[in-house]
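Notes for the one structure printed next.
Nothing in this text is a laboratory measurement; each read-out follows from the coordinates by a stated rule. Treat the numbers as computed from the prediction; the structure is a model and nothing was measured. Don't worry about glycine lacking a Cβ; one is built from the backbone with ideal geometry, like all the others, and counts go over all protein chains shown.
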Amino acid sequence: MGCCSGRCTLIFLCTFQLLAALERQVFDFLGYQWAPILANFFHIIIVILGLFGTIQYRPRYIVVYAVWTALWVTWNVFVICFYLEVGGLSKESDLLTFNISAHHSWWSEHGPGCVRKEMQATGVKSLDSQSFISVMGCIVEYQYIEVLHSSFQILIALVGFVYSCYVVSVFTEEEDSFDFIGGFEPFPLYHVNEKPSHLLLKPMYLST
C-alpha cells in the first residue's frame, strides 16, 4: 500500500510539475528570456522521463529525475537572487537573455494593474527614432511575480525529490526481495531426474 500511495503521489507531482513548467515556459517565451527558456526545456524533458520511470517501474529514470530536482532548485534560487538583486546581481541586466537583446520579464509590462504607455523621443521625428515605454499602476512589481514563480517551482521540486527518493527505495527493496525468493533464477527450483538416454538404449542379455 505504501508503494502504491508513494508511486501515485509521485505521478501526480510529476504531472503537476510538468503543467507548471509549461506555464512558465510560455511567459518566458513572451519575454524572450533565453536562459530560462533553455532551463525550462531541459526541465520538461527530465520531468517526462521521471514520469515515465514512475509509471514503468524504472528506478534509474527516477534517480535521474531526483538529481535534476536538486539542480532545478539551485537554478531557481539563482533566479530569485537575480530579481532581488542579491550579491551584486541586477534585474536590469541582460544576463537572462544572454546579452542578445534588451528584453526583460514579460510581467514588467503586463503585470496585474499595469498601464503601458509609449512616448515618442523628443526632438526630430524619424523612422529611426526610438519610443520610450512607461509602465504605471502595477499592483505587484514584476520581480516579485518572478520570485513567486521560482519559489513555487522550488516547493514542488523539493516535494518531488522526497517522494522520488522514497519510491526508488521501495522499488529497490521489492527487487531485492524478488531476487531472494528466486524470481530471477536462471534454472527452475525443481528438477525431474531422468535417466540418461544411453541407459535406455543398453541391450538386455538373457541368462541361459
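Seen from Asn40, the other residues with C-beta closer than 9 Å to its C-beta sum to a net charge of 0, counting Lys and Arg as +1 and Asp and Glu as -1.
Stretching the chain fully between Arg60 and Ser134 yields a gain of 21.5 nm (0.36 nm per residue, less the alpha carbon separation). Each Lys and Arg contributes +1 and each Asp and Glu -1, all at the Cβ; summed about the Cα centre of region 59-123, the dipole is approximately 220 debye.
Show me the chymotrypsin sites (Phe, Trp or Tyr not before Pro) within region 1-70 that DSSP assigns to loop and that have at most 15 other Cβ atoms within 10 Å of their Cβ.
Listed in order of number, the matching sites are Tyr57.
Would you mind calculating the relative contact order of region 1-106 from Cα pairs under 8 angstrom and at least 6 residues apart, reporting the percent as a whole number?
29
Working ranking of peptides 103-111, 17-25 by packing, defined as the average number of other Cβ atoms within 10 Å per residue, highest first, is 103-111, 17-25. Highest average first, the peptides 87-95, 71-79, 137-145 ordered by how many other beta carbon atoms sit within 10 Å of their residues are 71-79, 137-145, 87-95. Other residues with beta-carbon under 15 Å from the beta-carbon of Ser101 carry, at +1 per Lys or Arg and -1 per Asp or Glu, a net charge of -4.
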